[in-house]
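Trainee: This is the structure, below, for whatever I ask next.
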Amino acid sequence: MEAVRLLQDAIRFQQELCDTPFGKELIPEASPVLWYGRPGPNQWLTIGTNPSRGEFLHRDGTPRTGQTQKFYWRETLSIEDYLENEEALQQTLERASAYFESGRATTSWFGKPGGAKLEALLNGMGRSFYDYPAAVIHVDFFKFATYEQMGKMRTGRDWMEHPTSIELLERTIAYINPSRIIVLGRDNCRAFSGFSRIGRLSAYPAITYEIGRHESGIPMICLHIKPSEVFVGLGNGRDSNGLHYGSYAKRKHLLKIGQAIETIMDDWLADGHA
């Protein structure tokens with residue numbers, strides 16, 4: 001089964017990383033996160049950076065267990081045993097697949113049903129993480145949880161773009177075979193080739209987008225912002241239309257942003273790029 005092979009290869013890479021100076025940044029007992037949501041047909045795929053520590057740990061640093069557990073936690077199982085333990089591998093895949101179905105999603109990042117964050121932007125585009133069967137599935141560029149944010153680590157980007165990390169990401173994309181890819185964050189976008197058009201939203205000029213195709217031919221859009229992080233970096237000012245940047249994070253504006261992006265994408269596809 002390709003999903004199991006993909007997971008095993010991710011575990012092997014995690015083991016390699018633990019033997020490097022970067023290894024101290026990883027949460028060692030945390031399983032690799034292949035995806036958030038259940039893979040299915042005709043899905044959209046959003047791509048973020050990497051799993052946050054909050055997916056595995058409480059604020060006090062203790063592991064999430066019982067009703068609060070989101071992903072598989074290796075506990076005392078060695079890496080070698082984990083690789084060959086079919087039950088553990090299947091539990092890892094099922095926990096990742098049930099992420100939104102289980103009601104354990106991190107809503108402070110993804111957003112609640114009918115709420116703001118990334119979910120609101122997707123709602124504006126006519127999709128939702130909380131549809132069943134899943135209309136959108138999320139993956140991260142780097143499949144391993146770290147104690148600190150990747151952007152705050154000097155070598156974080158180097159490890160994200162390590163050939164093995166890129167290979168795991170591309171194999172994940174191929175496995176899910178989405179009908180559209182949405183890349184979140186300017187730095188993540190730079191790691192992909194295939195974008196052929198760049199622009200800004202007229203009503204929300206602080207938002208830059210790029211459109212193109214993934215090397216597999218899948219339509220792909222890149223946003224130089226991450227809606228779930230309240231547009232970090234825009235500051236406390238106003239855009240050229242006079243709208244306060246803080247307003248960008250409100251659901252009503254995220255819906256309009258999503259609608260505008262969807263219209264641009266539809267026009268681009270209708271203009272001979274389909």
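Coordinate-derived values only; no laboratory data. The structure displayed is predicted, hence computed values, not measured ones. Cβ atoms come from the backbone with ideal geometry, glycine included; neighbour counts cover every protein chain shown.
Trainee: State the cysteines of the chain left without a partner when partners are defined as other cysteines whose beta carbon lies under 4.7 Å away.
Mentor: Cysteines of the chain left without a disulfide-compatible partner: C18.
Trainee: Give me the percent of DSSP beta bridges within the range 2-273 that run antiparallel, rounded to the nearest 5.
Mentor: Within the range 2-273, antiparallel bridges account for around 55 percent of the total.
Trainee: Which distance in Å, rounded to a whole number, links the C-alpha centroids of the range 141-179 and the range 99-127?
Mentor: Taking the Cα centre of each part, the range 141-179 and the range 99-127 sit 22 Å apart.
Trainee: If you count, for each residue, the other Cβ atoms within 10 Å and average over each peptide, how do 62-75, 248-261, 101-114 line up from highest to lowest? Present the calculation step by step, with values, prior to reporting the outcome.
Mentor: Working: 62-75: 14.5, 248-261: 18.5, 101-114: 16.4.
Result, highest mean Cβ count within 10 Å first: 248-261, 101-114, 62-75.
Trainee: Here's another thing I want to ask about it. Please work out which option in (i) 0.96; (ii) 0.99; (iii) 1.09 gives Rg/Rh (Cα atoms, Kirkwood Rh) calculated from these coordinates, and answer with its label.
Mentor: (i)
Trainee: Follow-up question, since we're still on this one. Identify, among W159, T20, N188, the residue whose Cα sits farthest towards the positive end of the charge dipole of the chain, taking +1 on the Cβ of Lys and Arg and -1 on the Cβ of Asp and Glu, with the dipole about the Cα centre.
Mentor: N188
Trainee: Between K112 and Y132, what is the label-to-label distance in nm when each label sits 7 Å out along the Cα-to-Cβ direction?
Mentor: Placing both labels 7 Å beyond Cα along the Cβ direction yields 1.9 nm.
Trainee: Given only helices, namely DSSP H runs of n ≥ 4 each adding -39500 (n - 2.57), what is the per-residue ellipticity at 222 nm of the chain, to the nearest 500 deg cm²/dmol?
Mentor: Helices in the chain give a 222 nm mean residue ellipticity of -9500 deg cm²/dmol.
Trainee: While we're on this one: Where the only charges are on Cβ atoms (+1 Lys, Arg; -1 Asp, Glu), what is the dipole of the chain about its Cα centre, to the nearest 20 debye? Before the final figure, lay out the partial values.
Mentor: Details: 31 positive and 33 negative charges, 267 e Å.
For the chain, the charge dipole is close to 1280 debye.
Trainee: To continue, here is another question. Give me the percent relative contact order of the range 132-274, please, defined on Cα pairs under 8 angstrom at least 6 residues apart.
Mentor: Relative contact order for the range 132-274 comes out at 16 percent.
Trainee: Between E86 and K152, what is the label-point separation in nm under the 7 Å Cα-to-beta-carbon projection?
Mentor: So the two model labels end up 4.3 nm from each other.
Trainee: For S196 and T76, calculate 0.36 nm times their separation in residues minus their Cα-Cα distance, and state this gained length in nm to one decimal.
Mentor: 38.4 nm
Trainee: Would you mind pulling out the separation of the Cα centroids of the range 54-86 and the range 238-268, in Å?
Mentor: 38
Trainee: May I ask for the angle, rounded to the nearest 10°, between helix 86-97 and the longest principal axis of the chain, with both axes built from Cα atoms and the value confined to 0 to 90°?
Mentor: That works out to roughly 20 degrees.
Trainee: Tally Lys/Arg at +1 and Asp/Glu at -1 over every other residue whose Cβ is under 12 Å from the Cβ of D81; what's the total?
Mentor: The answer is -4.
Trainee: In addition: Expressed in nm to one decimal, what extension gain is obtained for the pair T62 and Q15 from 0.36 nm per residue of sequence separation less their Cα-Cα distance?
Mentor: Separation in residues times 0.36 nm, less the Cα-Cα distance, equals 14.7 nm.
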